[in-house]
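Bear in mind these aren't lab numbers, they're just calculated from the coordinates by the rules spelled out. Model, not experiment: these values are computed from the prediction. Cβ placement follows ideal geometry from the backbone for every residue including glycine, while neighbour counts extend to all protein chains displayed.
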Amino acid sequence: MTAEDKRILEDFTLLKNDKTIYLDSAATSQKPDSVLKAVEEYYKKNNANPLRGLYDLSVRATDDYENARKKVAGFLGAKSAENIIFTRNATESLNLIAYSYAIGTLKPGDEIVISIMEHHSNLLPWQMAARTTGATLKFVECNENGILTAEDLKNALTENTKIVAITQVSNVFGCENNIKEFAALAHEAGAVFVCDGAQSVPHIPVNVTDLDVDFLAFSGHKMYAPMGIGALYAKYELLEKMQPFMYGGEMIEYVTRESATYAEIPHKFEAGTVNVGGAVGLSAAIDYINKIGFDTIEKRENELSTLGINLLKEIPHVHILGDTNPLNHHGIITFTVDDVHPHDIAAILDSDNVAIRAGHHCAQPLLKYMGVMSTARASFALYNKEDDVRAFAESVSKLRSRMGY
Ligand code: 7TS
C-alpha cells in the first residue's frame, strides 16, 4: 500500500474496517467520513422542514439546501442554481424529463434516438414516452468494442428526431461517448440532447455548458454522497416549457379548490418535503472530490483499469468487453470466463472477499446485442489500490480450476 493509498483509505471508515475488497463502485460508491459528518451535523444543528418555515431553524435548513444546489451548479458548470433540480437519483431525473418534457412536446411520427448501450433507466422512460405520444424509439448501435461513432449517430437522425438520449460513460463497457459532438449533432437535427451522467460525473470533470447538453442526469450515491439524492441539470428555457413532474406541497404558489399556480423554477419540480440531509451530503461529496481533484481521481482509476485489464488478459479463457484501450474504461472491467456462469464468478470471488457485480447490469438489450446473457463486472473508485486489483485477478485466475476444469 502506498502512502497515498493509506491517506485516502483513512477517509473511508467502512473500507478501513471491513474485510471486503470493494469492486462494485459503479453500483454505488462508499462514503467518506466527511460526507457522513456533514449529514450528521445537519441533523444535529439545522434540521427543520425547509422552504416554508418562518423561524430561524427552518431558514438554516433552507440555506443548507439552497447552498447545496449552488454547489452542484458550480460543480457541473451550470449558468445558475435554477438549472438544478434535486431528485432521488439519475432514474428519477430521466423520468422527470420523460414525463415533464417528452410527453408534453412529442407527437405521433416524432422520433426519440437512444443508443444500444443505455442503462434501463435511460431506456424505459423513453419507451413510456413513445408509447404515450405515438413517437418512435430508435436505437444507434455500437461496434463490438462498445464504440459509438458520431457517424452512427448522424445516420440515425432525421428531421423527425426530437430527443436524443445517450450515456456519457457506459456502465458495462466503461467507455466514454463524445457527448459534445453528439449534442451538436442532435442540435443540428433540431433535437434536444439528454446526457445520462450517472457513470461520468463521479469520474471525470463534466461541464454542461461546454458540452452544451440540454439535460444531464446523475445520482449522488455513485459519487461518494448518500443514497436518495441526485439531480437533473436542465436549460432554463426548457424548464420554462415543462409541466411539473409531481404535484403537491412545496411546488405551489397559490391553490384554489379547482386549480393551482406553481412555484418558481426549480421548486416547481420538487414536490413534497425535500431531502435536505441528502443535498448536504452531496455538497460535502463535491467538496471531497474537489479536495482530491479529478486529476488524481482519473489517474488512479486509469492505473487500476490498466493493471486489471493487463492482468486479466494473461488469464486463459477470460474475455473482456469494451475498448481494447484500458484508458477508455473509467474504472470498469466487464468480463466473462469460459464455462463459468457470472453468478458463480461473483460467488467464488466473494469467498476471497472480493465484491464484484454479476448479471445483466440493467442493460439487457445491450447484452443481447453482444450475444451474452450475463457478465461479471469489477469497478473501481478513488479508494481502490493496486493490491485490490491484484487480489481480484488472483481470484479470477483460480476460478476455472475451482470449478473443476
Ligand atoms: N444510468 C447509468 C449509466 C447507470 O449506470 C445507472 C446505475 C443508472 C443510470 C441509474 O442510476 P440510479 O442511481 O438511478 O439507480 N447503474 C448501476 C449499475 O451499473 N449497477 O447498479 C446500478
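Each peptide in 73-85, 32-44 was scored by the mean count of other Cβ atoms within 10 Å over its residues; highest first, the order is 73-85, 32-44. For His221, the amide hydrogen comes within under 5 Å of the amide hydrogens of Gly228, Ile229, counting only partners 5 or more places away or on other chains and with H modelled in the peptide plane. Once you've got the GNM for the chain with C-alpha springs shorter than 10 Å, pick whichever of Gly277, Gly104, Gly146 has the biggest mean-square fluctuation. Largest GNM mean-square fluctuation: Gly104. Distances between placed amide hydrogens fall under 5 Å for Thr136 paired with Gly109, Asp110, Glu111, Ile112, all partners being 5 or more residues away or on another chain. Once the Cα-Cα distance is subtracted from the 0.36 nm per residue extended length, the Ala48 to Thr20 segment shows a gain of 6.4 nm. Partners of Lys45 within straight-line reach, counting lysines whose Cα lies under 29 Å from its Cα and excluding those fewer than 8 residues away in the same chain: Lys16, Lys31, Lys37, Lys70, Lys71, Lys222, Lys268, Lys291.
Roughly how many whole Å is it from the C-alpha centroid of region 236-255 to that of region 139-210? Distance between centres, Cα-based: 28 Å. In whole percents, the pair-distance distribution calculated for the chain from its alpha-carbon pairs, binned every 20 Å from zero, is 27, 55, 18, 1. Model label points for Thr13 and Asp338, set 7 angstrom from Cα along the Cα-to-Cβ axis, are 4.8 nm apart. The mean sequence distance of close C-alpha pairs (under 8 Å, at least 6 residues apart), as a share of the length of region 1-95, puts its relative contact order at 13 percent.
For region 1-160, a/c is not less than 1.5, where a ≥ b ≥ c are the root eigenvalues of the C-alpha gyration tensor, and a/b does not top b/c. That puts it in the oblate class. The slack between Lys299 and Arg257, meaning 0.36 nm per residue of separation minus the straight C-alpha distance, is 9.3 nm. Working note: Karplus 6.51/-1.76/1.60 with θ = phi - 60° gives region 122-130 the couplings 10, 10, 4, x, 7, 4, 4, 5, 5 Hz, where Gly and Pro are set to x.
For the residues Lys313, Lys385, Lys45, a GNM of the chain with alpha-carbon springs under 10 Å puts the largest fluctuation on Lys45. Report summary: the helix-based calculation at 222 nm, which adds -39500 (n - 2.57) for every DSSP H run with n ≥ 4 and divides by the residues of the chain, gives -11500 deg cm²/dmol.
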